[in-house]
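> Would you mind keeping the following structure in view while I ask a few things?
The values are calculated or read from the model by the stated rules, or taken from the named source; none is laboratory data. All figures in this text were calculated on a predicted structure; none of them were measured in a lab. Here the Cβ positions follow ideal geometry from the backbone for every residue, glycine too, while neighbour counts run over all protein chains shown.
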Number of protein chains: 2
Amino acid sequence: ESGALSQVSRMLNHTLSSAELGHLLESSPPHTRKVLWELLEKKKQSTILPFLGDDLIADVLRDMSAEEVADVTSDEDIDIDDVVDILQILPERVTQDVLNAMDDQNRQRIEAILSFPEDTAGGLMNTDTVTIRPDITLDVVLRYLRRHESIPATTDTLVVVNRKDELIGLLPISKLLVTDPSITVREIMETDFPRITADTPDDHVAQLFEREDLVSAPVVDKEGRLLGRITIDDVVDVIREDADHSLMSMAGLDEDDDIFAPVLKTSRRRAIWLGINLLTAFIASAVIGIFEQTLDKVVALAILMPIVASMGGIAGSQTLTLVIRGIATGHIRQNNLRWLLSREVLVGLLNGLLWGLAVAVAAALWFSDPKIGIIIGTALIINLVVAVFSGSMLPSLLKSINIDPALAGSVLLTTITDVVGYFVFLGLATAFYSFA
Amino acid sequence: ESGALSQVSRMLNHTLSSAELGHLLESSPPHTRKVLWELLEKKKQSTILPFLGDDLIADVLRDMSAEEVADVTSDEDIDIDDVVDILQILPERVTQDVLNAMDDQNRQRIEAILSFPEDTAGGLMNTDTVTIRPDITLDVVLRYLRRHESIPATTDTLVVVNRKDELIGLLPISKLLVTDPSITVREIMETDFPRITADTPDDHVAQLFEREDLVSAPVVDKEGRLLGRITIDDVVDVIREDADHSLMSMAGLDEDDDIFAPVLKTSRRRAIWLGINLLTAFIASAVIGIFEQTLDKVVALAILMPIVASMGGIAGSQTLTLVIRGIATGHIRQNNLRWLLSREVLVGLLNGLLWGLAVAVAAALWFSDPKIGIIIGTALIINLVVAVFSGSMLPSLLKSINIDPALAGSVLLTTITDVVGYFVFLGLATAFYSFA
């Protein structure tokens, strides 16, 4: 029994990499997770932190004292930008305690990065840059590098700075290796590269890395002085989180949430989303309620009305998803949104005509009443056009008032397509049947 | 007029990078896009191809002869894996023509990669690997490298192979630069790294790169012989596409589709999705139709019934999204799905009790009828539990019969929550009111 346990413990501590352990913990239900965590050595625990989600890190650090957290995050195997990420998860008061418990050098380096918002280039960067001067020869560079014990991971370029620490060029290591060593850095350094300042939003940084196939890039302050560098591994996280954010937010979920959070925590988070949607469902019901008398007369209307609302919801959410993704990738901007809007409205109209006709024929045959066919067909066309129009406009409208379109867009859109769907369908029916 | 045009043309051809031009074309409506494309020089056009989406590449290549395509794709500025991606977009017959029009060396290299499926490590790799032997000193390696005119982009490690071309180790360039040049490769090469074979699925490759913070990794055949290497820039594309795929598929969209496709093309693609959803809406209506007599008696039921169906849809799609994403990232597997399922059912039940009670009170007050409150509250609880159960189970069920859960999941789920929602609510009402 205890032999088996120590075998498991040995495997956890010595066979699996920190990344693999992080993945294993993220994939484990709470109870298993707790057992695994306690089998890990202190030293190993700290190297796993960067591979855990925000929720898990908060759970793990909750039971530690500020000194213990400072100790864990001062481990030299953890990159400084990962330490910053971890500290940002803690409550501000605790962060300050942890910083106070660190040695001076560590604290200063971390405070420098902490001063930038998490979602900017400054918050994403690392300070472990290898810098060189422009007027030395490559031979000197090679000898200078050989004096190092190691070069930071993902170093594909050396950063060339002048006496004032201003960024003036980049020397790709691949170039360093194939060029005559008697040539100076200045002669072969690259000067045509994108400038990233500390306040550049992280999604812009990600777009830049993706577009230019970068592995690392220097970050400068407003005066052009070197602050640090961003590496592709952190950018990959931004790309992944950014794409996941759209998907998860549209269902009212948070991409940072622990998948295996316990029942009560999960229920509380979901309850809010369901409550908001309940409100919109009641609004739709209130609209239906206006037409109580018509519904009382023609029961077929009650049977058919969900079709109009549901088709509007589907068409609208297609457009909404397209536009939210297009804005996130930078493909959709103010100047081409108008073209897109008219395209979408035309697409909505064409599909409205197609499926409106189909529904009209089906409904007329079902209830042997051509009138109800005309009513539902017309309502469907109108709701589809309104749906794609709303789906196109909502994201940039919401963005302009600083509301996340991925989060609020789908709720608002469903409210619109439900209200319009029921109102137009039942309204048309009331008009038609009271004439009759 | 013509002066301004030639200025624009100059800017396009000489100021913007291929990546920027690709982004510009992707963000332009069809007409603008055509004008821009024609202003580009032939040579520039070919370097942009790797930065375009599948839809656009197909559009561009449609008007070219096989010889022209061969010419464009033989451009030495395009990576061989990008050429393969482009060829895979073409109809198979055309691909063969293009290959025949290439010179022998190019054709053989491309056919080697084409023989692997697009979504495997083999289809993702490049063949431009720098290999070295284990028994030479680092000094020899450095001199060997200096004989090259250039080293392939994103080379962070040299690949160590034996006489049989079998992969035996990796020499990180960062290690090469800091180590005593008289030491041999074998003494410092890394031997503990993940082995990627040509048939490894691309999403596994992406997970590996993400987890281990890799910049490049060698690919071997079943016998361990080196075939090529995968670089992070291509893996970033896989990560982006993989995450986008879930989002877009859940709305019935294809992540490879051109955002600015013309009206007719877009309408046709959307029409199919709307048609499928129309079918499910009719199924829901048919269920409502069963209870025509009850609806005729109690009109309040028609007013309230969308609430039950809609809340089920929302709760179910939260679970569905969570599970689809969890399976894609590898966090959810068969062994922890059971835990997740019971958690979700409990969450559904708790939220069902909470909001069921709220809806019951609201409905009872609205229609001054406690009976209708009990009916809708009970129906809501049942539908929420069914919804989260279906949301948890559908993805792995669909996957086991090789249907994409992101694409089919949401349609199936809505059908279930609509049918169950209407059936339970109206069924309960029929039972209750016929007793009365």
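> Return yes when residue B:419 is surrounded by 19 or more Cβ atoms within 10 Å (Cβ to Cβ) and under 18 Å from residue B:308 (Cβ atoms) and no when it is not.
yes
> Here's something else I'd like to know. Hey, does region B:184-191 have a residue that's within 14 Å of another protein chain (Cβ to nearest Cβ), at negative phi and either part of a loop (DSSP other than H, G, I, E, B) or crowded, with 21+ Cβ neighbours inside 10 Å (or both)?
no
> Follow-up question, since we're still on this one. Can you tell me which residue in region B:88-116 is surrounded by the most Cβ atoms within 10 Å (Cβ to Cβ), limited to those that are in a loop (DSSP other than H, G, I, E, B) and among the hydrophobic types (A, V, I, L, M, F, W, C)? Let's see the steps before the verdict.
Our first condition is that a residue be in a loop (DSSP other than H, G, I, E, B); within region B:88-116, this holds for B:90-91, B:101-103, B:115-116.
So of that shortlist, the ones also among the hydrophobic types (A, V, I, L, M, F, W, C) come out as B:90, B:101-102, B:116.
Details: B:90: 18, B:101: 17, B:102: 21, B:116: 19.
Top of the filtered list is B:102.
> What's the number of the condition residue A:328 fails, among (1) touching a helix residue (DSSP H, G or I) at 6+ places or on another chain (Cβ under 8 Å); (2) facing another protein chain (nearest Cβ under 7 Å)?
Here residue A:328 meets the rest and fails (2).
> If you take the residues of region B:300-312 that are in contact with a Gly (Cβ under 7 Å, 6 or more places away or on another chain) and at the interface with another protein chain (Cβ under 8 Å from one of its Cβ atoms), which of them is farthest from residue B:373 (Cα to Cα)? Walk me through it before giving the result.
Here is the first cut: in region B:300-312, the ones in contact with a Gly (Cβ under 7 Å, 6 or more places away or on another chain) are B:303, B:308-309, B:312.
Going one step further and asking which of them are at the interface with another protein chain (Cβ under 8 Å from one of its Cβ atoms), we end up with B:303, B:309.
Details: B:303: 13, B:309: 16 Å.
Among residues in region B:300-312 that are in contact with a Gly (Cβ under 7 Å, 6 or more places away or on another chain) and at the interface with another protein chain (Cβ under 8 Å from one of its Cβ atoms), the one farthest from residue B:373 (Cα to Cα) is B:309.
> Looking at region A:112-123, which of the residues that are farther than 15 Å from residue A:226 by Cβ and in contact with a helix residue (DSSP H, G or I) (Cβ under 7 Å, 6 or more places away or on another chain) is modelled with the highest pLDDT?
This residue is A:120.
> Another question, if that's okay. Looking at residue A:199 and the list (1) within 20 Å of residue A:132 (Cβ to Cβ); (2) surrounded by fewer than 16 Cβ atoms within 10 Å (Cβ to Cβ), which single condition is not satisfied?
It is condition (1) that residue A:199 fails.
> Being assigned by TED's automatic domain parsing to the domain that holds residue A:152, assigned to a helix (DSSP H, G or I) and within 26 Å of the chain's Cα centre (by Cα) narrows it down to one residue among A:199, A:203; which is it? Give the derivation first.
Numbers: A:199 fails: assigned to a helix (DSSP H, G or I).
Exactly one of A:199, A:203 is assigned by TED's automatic domain parsing to the domain that holds residue A:152, assigned to a helix (DSSP H, G or I) and within 26 Å of the chain's Cα centre (by Cα), namely A:203.
> So residue A:138 clears everything in (1) out of contact with any strand residue (DSSP E or B) (no Cβ under 7 Å at 6 or more places or on another chain); (2) facing another protein chain (nearest Cβ under 8 Å); (3) of a type in the set (A, V, I, L, M) except one condition, right? Which one?
Checking residue A:138 against (1) out of contact with any strand residue (DSSP E or B) (no Cβ under 7 Å at 6 or more places or on another chain); (2) facing another protein chain (nearest Cβ under 8 Å); (3) of a type in the set (A, V, I, L, M), the one that fails is (2).
> Looking at (1) in a strand (DSSP E or B); (2) surrounded by fewer than 17 Cβ atoms within 10 Å (Cβ to Cβ); (3) of a type in the set (A, V, I, L, M, F, W, C), which one does residue A:271 not meet, given that it meets all the others?
(1)
> Which ones in region B:360-389 are farther than 21 Å from residue A:266 by Cβ and buried (at least 21 other Cβ atoms within 10 Å of the Cβ)?
Within region B:360-389, the first condition is being farther than 21 Å from residue A:266 by Cβ, and the residues that meet it are B:360-379.
Correct list: B:360, B:363, B:372, B:373, B:375, B:376, B:377, B:379.
> Considering only residues of region A:342-356 that are surrounded by 18 or more Cβ atoms within 10 Å (Cβ to Cβ) and farther than 13 Å from residue A:381 by Cα, which is nearest to the other protein chains (Cβ to nearest Cβ)?
Checked region A:342-356; the qualifying residue nearest to the other protein chains (Cβ to nearest Cβ) is A:343.
> Turning to a different aspect of this structure: Determine whether region A:225-233 contains at least one residue that is facing chain B (nearest Cβ under 9 Å), under 30 Å from residue B:15 (Cβ atoms) and in contact with a Ser or Thr (Cβ under 6 Å, 6 or more places away or on another chain).
First, pick out the residues of region A:225-233 that are facing chain B (nearest Cβ under 9 Å): A:231-233.
Checking the rest, the ones that are also under 30 Å from residue B:15 (Cβ atoms) come to A:231-232.
Keeping just the survivors that are in contact with a Ser or Thr (Cβ under 6 Å, 6 or more places away or on another chain) gives A:231.
Yes, region A:225-233 contains a residue that is facing chain B (nearest Cβ under 9 Å), under 30 Å from residue B:15 (Cβ atoms) and in contact with a Ser or Thr (Cβ under 6 Å, 6 or more places away or on another chain).
> Which one of the conditions (1) small (Gly, Ala, Ser); (2) free of Cβ contacts under 8 Å to residues at least 60 places away in the same chain; (3) over 22 Å from residue A:310 (Cβ atoms); (4) in a helix (DSSP H, G or I) does residue B:368 fail to meet, given that it meets all the rest?
Unmet for residue B:368, out of (1) small (Gly, Ala, Ser); (2) free of Cβ contacts under 8 Å to residues at least 60 places away in the same chain; (3) over 22 Å from residue A:310 (Cβ atoms); (4) in a helix (DSSP H, G or I): (4).
> On to the next question. Going by the conditions given, is residue A:260 in contact (Cβ under 8 Å) with a residue 12 or more places away in the chain and not in a helix (DSSP H, G or I)?
When the stated conditions are applied, residue A:260 passes them.
> Where residues in region A:164-178 are touching a residue at least 12 places away in the same chain (Cβ under 8 Å) and touching a Lys or Arg at 6+ places or on another chain (Cβ under 8 Å), which of them is surrounded by the fewest Cβ atoms within 10 Å (Cβ to Cβ)? Walk me through how you get there before you give the answer.
Step one: of region A:164-178, the residues touching a residue at least 12 places away in the same chain (Cβ under 8 Å) are A:164-176.
The next check asks that each one be touching a Lys or Arg at 6+ places or on another chain (Cβ under 8 Å); those that pass are A:164-167, A:169.
Numbers: A:164: 10, A:165: 14, A:166: 14, A:167: 23, A:169: 21.
If we take residues in region A:164-178 being touching a residue at least 12 places away in the same chain (Cβ under 8 Å) and touching a Lys or Arg at 6+ places or on another chain (Cβ under 8 Å), then A:164 is surrounded by the fewest Cβ atoms within 10 Å (Cβ to Cβ).
> Got a number for residues in region A:210-237 being crowded, with 20+ Cβ neighbours inside 10 Å and closer than 18 Å to residue B:240 by Cα?
The total comes to 9.
> Report, by residue number, each residue of region A:390-416 that is assigned to a helix (DSSP H, G or I), among the aliphatic types (A, V, I, L, M) and either crowded, with 17+ Cβ neighbours inside 10 Å or within 20 Å of the chain's Cα centre (by Cα) (or both). Working first, answer last.
Of region A:390-416, the ones assigned to a helix (DSSP H, G or I) are A:390-400, A:405-416.
From the residues that got through so far, the ones that are among the aliphatic types (A, V, I, L, M) too are A:393-394, A:397-398, A:406-408, A:411-413, A:416.
Within region A:390-416, A:394, A:397, A:398, A:406, A:407, A:408, A:411, A:412, A:413, A:416 meet the criteria.
> Please count how many residues of region A:54-69 are surrounded by 17 or more Cβ atoms within 10 Å (Cβ to Cβ), farther than 24 Å from residue A:121 by Cα and of a type outside the set (Gly, Ala, Ser).
Of the residues in that region, 5 qualify.
> Pick from B:278, B:301, B:295: which is surrounded by fewer than 23 Cβ atoms within 10 Å (Cβ to Cβ) and farther than 29 Å from residue B:343 by Cβ?
Matching residue, one of B:278, B:301, B:295: B:278.
> With the requirement that a residue be among the hydrophobic types (A, V, I, L, M, F, W, C) and within 9 Å of chain A (Cβ to nearest Cβ), what does region B:149-180 give you?
Scanning region B:149-180 gives B:151, B:153, B:173, B:176, B:177, B:178.
> Need the failing condition index for residue B:142 against (1) closer than 23 Å to residue A:153 by Cβ; (2) surrounded by 17 or more Cβ atoms within 10 Å (Cβ to Cβ); (3) assigned by TED's automatic domain parsing to the domain that holds residue B:232, just the number.
Single failed check for residue B:142: (2).
> For region A:205-257, what are the residues that are of a type in the set (S, T, N, Q) and under 30 Å from residue A:276 (Cβ atoms)?
A:246, A:249
> Would you point out the residue of region A:282-299, among those that are facing chain B (nearest Cβ under 8 Å) and in contact (Cβ under 8 Å) with a residue 60 or more places away in the chain, that is farthest from residue B:267 (Cα to Cα)?
A:295
> For residue B:72, all conditions in the list (1) within 14 Å of another protein chain (Cβ to nearest Cβ); (2) among the β-branched types (Val, Ile, Thr); (3) surrounded by 13 or more Cβ atoms within 10 Å (Cβ to Cβ) hold save one; what is the number of the exception?
(1)
> OK, next. Which is of a type outside the set (Asp, Glu), farther than 13 Å from residue B:302 by Cβ and not in a helix (DSSP H, G or I), of A:332, A:324?
Of the residues listed, the single one that is of a type outside the set (Asp, Glu), farther than 13 Å from residue B:302 by Cβ and not in a helix (DSSP H, G or I) is A:332.
> While we're on this one: Test of understanding: among B:211, B:163, which residue is outside any helix (DSSP H, G or I) and over 30 Å from residue A:144 (Cα atoms)?
Working: B:211 fails: outside any helix (DSSP H, G or I).
Answer to the check: B:163.
> So in region A:9-39, with the set limited to residues that are in contact (Cβ under 8 Å) with a residue 40 or more places away in the chain and part of a loop (DSSP other than H, G, I, E, B), which one is farthest from the other protein chains (Cβ to nearest Cβ)?
In this case the residue turns out to be A:28.
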